[in-house]
Amino acid sequence: MSTILDGKAFAALCKENIAAEVERLAALGHRPGLAVVLVGNNPASQVYVRNKEKDCKECGIYSAMYTLPEETTEAQLLELLDVLNHDNKIHGVLVQLPVPKQIDPQRVIEAIDPIKDVDCFHPMNVGYLTQGMPRFAPCTPAGIVKLMEHYGIDPAGKHCVVIGRSNIVGKPMSLLLLQKNGTVTICHSGTADLKAQTLQADILVSAVGKTGFVTADMVKEGAVVIDVAMNRNEQGKLCGDVVYEEVAEKAAAITPVPGGVGPMTRVMLLENTLTACRLQCNLD
Ligand code: NAP
C-alpha cells in the first residue's frame, strides 16, 4: 500500500510556524499584510478567496479583501492595484483569476508591483524562477516540493513527468523539479504517446483537470504520484485526475484529493506574503 502524502496535516504544522514568524515580524513593527482582489461572481473563486482570508486570520496576517462587481472595467481594476502597490500595510497583492472577459489578465499580472507579486505570476518573477533564483515560490509547485521534502522524496536523479504546461502549474512545476536535479519531461495535449511517457515516471505530476485521466496502467510500479487537479465529478464531489484507488495500489506514495496539494498551495501563499514583508521592510 502506498504512503499517503497528507498535505492537510503537514499544512497545519506549517501554519503554526508561519504564525510564529508573523508575530516575530509584528514585534519588529511590521505585521505582514495581504490584499486579495476578486472581480465578479465565479463561485470557485469566491471559495478560494474566502479560504485565503481565513488562512490569513489564522496566522495573524493582516488581510484586505476587495470584491468588485462583474462589470468592473480594466481601468478601475488597475487603479485599485496602483493604490495597493503604494499601501505600506500591504506586502502581497493578488488578483484571483480568472477575471471577467473585458479585462486582460496579462495586463493585470503586469500591473502588480513585482515585489508584491505573491502569486509569482509577474514576468519578472517568472524570469528569476527560470534563472534558478526564485524571489517568490510559485504556490502550487512549491507546495508540492515542500510536501515531498517533508516525506523525504528527493527528485534528484529521478525521471519526473509533468502532465500539463500551464503558466500556473505545469511550467513552474517543471522548473522546480529541474532545479532539484530531476530529469523532467513535460507532456501536454499534443504529446504523441502519453502512456509511454508516464510509464517512465519515477515522479508523476498530473495537472490536467480531467476526472479519471490517470489510470493504473499509466503508472510505473513504485512511482510517486502527485495529483494537482481539483475537479468536480458528476455528484459534485471534489476529485483529482488520478483514479485514486487503483493507482494507490501501484504507487509508492500518492496525494489524495482533497487534502493533498490544495492545502500546501494555501501555505505557500502565506509563506510568500512573509517573504514579501521581509523584502519590503529589509528584514532577515
Ligand atoms: P490548464 O491551464 O487547463 O492546463 C491543463 C493542461 O493539461 C494543459 O497544459 C493541457 O495541454 C493539458 N492537457 C489537457 N488535455 C490533455 C491530454 N489529453 N493529454 C495531455 N495533456 C493534456 O489547467 P491548470 O490551471 O494548469 O490546472 C490544472 C488542474 O489543476 C485543474 O484541475 C485545476 O483546478 C487544478 N489546480 C489545482 C491547484 C491546487 O492548489 N491544488 C492549483 C491550481 C490548479 P495544452 O497546453 O496542450 O492545452
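Laboratory data are not the source of any read-out in this text; all were calculated from the coordinates shown. Quick caveat: nothing in here was measured; it's all calculated off a predicted structure. With ideal geometry, Cβ positions are generated from the backbone for all residues, glycine too; neighbour counts draw on all protein chains shown.
Some observations on this one:
- Cα centroids of the stretch 21-92 and the stretch 147-199: 31 Å apart.
- Lys/Arg +1, Asp/Glu -1 at C-beta; the stretch 1-142 dipole; positive extreme among His91, Leu129, Gly29: Gly29
- Taking Cα atoms only, the orientation of helix 170-179 departs from the longest principal axis of the chain by about 80 degrees.
- Lys, Arg +1 and Asp, Glu -1 on Cβ, resulting dipole of the stretch 209-284 about Cα centre, debye, nearest 20: 300 debye
- Over the chain, all Cα pairs binned in 5 Å intervals from 0 give whole-percent P(r) values of 1, 6, 12, 16, 18, 16, 13, 10, 5, 2, 0, 0, listed from short to long.
- Normalised by the number of residues in the chain, the average gap of Cα pairs under 8 Å and 6 or more apart makes the relative contact order 22 percent.
- As computed over the stretch 139-262, the Cα convex hull volume per residue (Å³): 97 Å³
- The amide H of Asn231, built 1.01 Å from its N in the peptide plane, has Cys239, Gly240 as neighbours under 5 Å, considering only residues 5 or more places off or on other chains.
- Charge dipole magnitude, Cβ of K and R +1, D and E -1 - the chain, Cα centre, debye nearest 20: 180 debye
- 3J(HN,Hα) from dihedral phi, the stretch 197-213, Karplus parametrisation 6.51/-1.76/1.60, rounded to Hz, x for glycine, proline: 6, 5, 5, 8, 7, 7, 10, 10, 10, 10, 9, 9, x, 10, 4, x, 6
- Too-long pairs where the Cα-Cα distance tops 18 Å, listed order kept, from Lys52/Lys116; Lys15/Lys57; Lys146/Lys250; Lys180/Lys220: Lys146/Lys250; Lys180/Lys220
- Inter-label distance for Glu149 and Asn41, nm, one decimal - labels placed 7 Å from Cα along Cα-to-Cβ: 4.3 nm
- Among Pro32, Pro100, Pro258, residue whose mean-square fluctuation peaks in a GNM of the chain (springs only between Cα atoms under 10 Å): Pro100
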